[in-house]
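Derivation of every value follows stated rules applied to the coordinates shown; laboratory data play no part. All values reported here derive from a predicted model rather than from experimental measurement. We place every Cβ from the backbone using ideal geometry, glycine too, and count neighbours over all the protein chains shown.
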Amino acid sequence: MLSSEPPEVIVYPPIDSHRNVTVRGCYAGAAHRMADLLDILRRSGVDCDQIELTDPAVVEWRGGGPEVWE
């Protein structure tokens with residue numbers, strides 16, 4: 001992926017104890033915890049074993065990183 005391309009996954013700031021998730025620009029679901037995020041990514045065709053969730057070129061965390069869910 002070129003650095004000028006947007007991240008494949010965007011995890012939005014927490015709202016009512018969940019975080020909305022988009023994959024490739026499309027709404028993919030609401031995650032309440034990391035396990036939910038991984039399930040959403042798998043259902044969206046993302047190979048979770050092949051990506052690093054802390055790589056900003058792949059996942060953009062808005063409103064806090066992977067430790068923030070509320």
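Could you tell me what percent of the DSSP beta bridges with both partners in the chain are antiparallel, to the nearest 5? Counting DSSP beta bridges with both partners in the chain, the antiparallel share is about 75 percent. What shape does segment 23-66 have by the C-alpha gyration tensor, where a ≥ b ≥ c are the square roots of the eigenvalues, rounded means a/c under 1.5, and otherwise prolate means a/b greater than b/c and oblate the rest? Because its axes are fairly even, with a/c under 1.5, segment 23-66 counts as rounded. Near the amide H of Gly29, within less than 5 Å, lie the amide hydrogens of Val21, all on another chain or at least 5 residues away, with H placed in the peptide plane. If the segment from Arg43 to Asp55 were pulled out straight at 0.36 nm per residue, it would be longer than the present Cα-Cα gap by 2.3 nm.
Mean sequence separation of contacting Cα pairs (under 8 Å, at least six apart), scaled by the length of the chain, corresponds to a relative contact order of 38 percent. Here the chain is assigned +1 on the Cβ of each Lys and Arg and -1 on the Cβ of each Asp and Glu. Its dipole about the Cα centre then comes out at about 220 debye. Loop-located trypsin sites (Lys or Arg not before Pro) in the chain (DSSP state other than H, G, I, E, B) with a sparse environment of at most 16 neighbouring Cβ atoms within 10 Å: Arg24, Arg33, Arg62.
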